[in-house]
Amino acid sequence: MKKPAVTICIANYNGIPIISECLDSVFAQQGNIPVEIIVHDDASTDGSVEFLCENYPGIRLIESESNVGFCVSNNRMAEVANGEYLLLLNNDAMLLPDAIITLLDRAKEIHDPAILSLPQYDADSGELLDVGSLLDPFLNPIPNLEPTRTEVGMVMGACLWIPRSLWQSLGGFPEWFGSIGEDLYLCCIARLKGYPVAAAPSSGYLHYVGRSFGGGKVSSQHLHTTYKRRVLSERNKTYVMILCYPPVLLGLLPLHLLLLFFEGLILSLAKLDWKPVSRIYLPVFKACWVNRKKLKLERARLFADPHVSAQAFIVPMQWLPHKLRLLFRHKIPAIT
């Protein structure tokens, strides 16, 4: 068999209802490109392993003895991958038929190693969600809807393409993040080191947004999220600010923490419920304090690299806080 050009890495946990759509979309790809498919099953309890072995015997299956999360799952798959490129794909995402050939062509056009993705469409409505995302000063992703934009701040880990050599150079996902925000981290590290982050203007993937952690999307003009999603998102976003912000932006960190504190108070007062503060915002401060030494060492290691570029980091940023946009448009989010 030919050496695979691409290794497709799919992290799965209790994915029987959705993973067939994902895998079938991979097998339906155009272009006759040699691919390797690895699925990491994260100690599923729904019989996923048996289902995959019976229905998809051609994939490489890694069975985890315990639930280790998205970061560890992808790091394990990347470690044993044989392809020149990795395509990290959520089990709740489905590729359009020309997705892989589009990504491969785009990677060759850019020449330099780059993190890439495709236009993301809502699997339920078919609505275009983003063509990559820009970032606000506090690293909230702002959906980019301009296909001609050459570079973005980040692309979603639901469909993330990266040369395996670049993945190894950047160190993969930080396993202590657990889940959520690892794509933001990887893209920020790449841009700091001068590697492009972009989304191809054509093809795309469908995504059942929020299937894993709940929430994370607008429904009937209202924003819905979950406590689990919010605490991981706010914590890991703060970690990335501490680790990656160039000195010229680091003064925003105290402002970010202050705004988080007031955001928690306002949400709790609006809902007459102390849970937003106690379950989302206070744990962020605690986690940053507990991990302060690790964060300090990681930041020092990163900025010891002479190739770090503050300008490359700042270019795809917009300065109006995205949470204000969401508040004006959708009011205070529902949290469950």
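Points worth noting:
- Residue satisfying all of: in the range 89-125; within 17 Å of the chain's Cα centre (by Cα) and part of a loop (DSSP other than H, G, I, E, B); nearest to residue 8 (Cα to Cα) among these: 91
- Matching residues, the range 245-265, being free of Cβ contacts under 8 Å to residues at least 40 places away in the same chain and part of a helix (DSSP H, G or I): 253, 254, 255, 257, 258, 260, 261, 262, 264, 265
- Scanning the range 286-328 for residues that are charged (D, E, K, R) and either more than 15 Å from residue 141 (Cβ to Cβ) or touching a Gly at 6+ places or on another chain (Cβ under 6 Å) (or both) yields 286, 292, 293, 294, 296, 298, 299, 301, 305.
- Residue within the range 23-35 that is in contact (Cβ under 8 Å) with a residue 24 or more places away in the chain, in a strand (DSSP E or B) and touching a Ser or Thr at 6+ places or on another chain (Cβ under 8 Å) present: yes
- Checked against the criterion of being small (Gly, Ala, Ser), modelled with pLDDT of 95 or more and in a loop (DSSP other than H, G, I, E, B), the candidates 165, 203, 179 yield just one match: 203.
- Pairs with Cβ under 7 Å, 6+ apart, first in the range 155-170 and in contact (Cβ under 8 Å) with a residue 60 or more places away in the chain, second buried (at least 19 other Cβ atoms within 10 Å of the Cβ) and among the acidic types (Asp, Glu): 157/182; 157/183; 160/183
- Residue check for residue 238: closer than 22 Å to residue 68 by Cβ and either assigned by TED's automatic domain parsing to the domain that holds residue 293 or at pLDDT below 90 (or both): no
- Options 280, 242: the member that is touching a Phe, Trp or Tyr at 6+ places or on another chain (Cβ under 8 Å) and assigned to a helix (DSSP H, G or I): 280
- Of 154, 94, all but one fail to be under 22 Å from residue 232 (Cβ atoms), outside the structural domain of residue 233 (by TED's automatic domain parsing), touching a Ser or Thr at 6+ places or on another chain (Cβ under 6 Å) and hydrophobic (A, V, I, L, M, F, W, C); the exception is 154.
- Count - residues of the range 296-336 that are in a helix (DSSP H, G or I), at pLDDT 85 or above, under 18 Å from residue 190 (Cα atoms) and not charged (D, E, K, R): 3
- Criterion (assigned by TED's automatic domain parsing to the domain that holds residue 170, crowded, with 18+ Cβ neighbours inside 10 Å, under 25 Å from residue 115 (Cβ atoms) and among the aliphatic types (A, V, I, L, M)) met by exactly one of 37, 33: 37
- The lone criterion from (1) among the hydrophobic types (A, V, I, L, M, F, W, C); (2) surrounded by fewer than 20 Cβ atoms within 10 Å (Cβ to Cβ); (3) not in a loop (DSSP other than H, G, I, E, B) left unmet by residue 86 is number (2).
The values are calculated or read from the model by the stated rules, or taken from the named source; none is laboratory data. Predicted model only: the values in this text are computed from it and were never measured. Neighbour counts run over all protein chains shown; Cβ positions are idealised from the backbone, glycine included.
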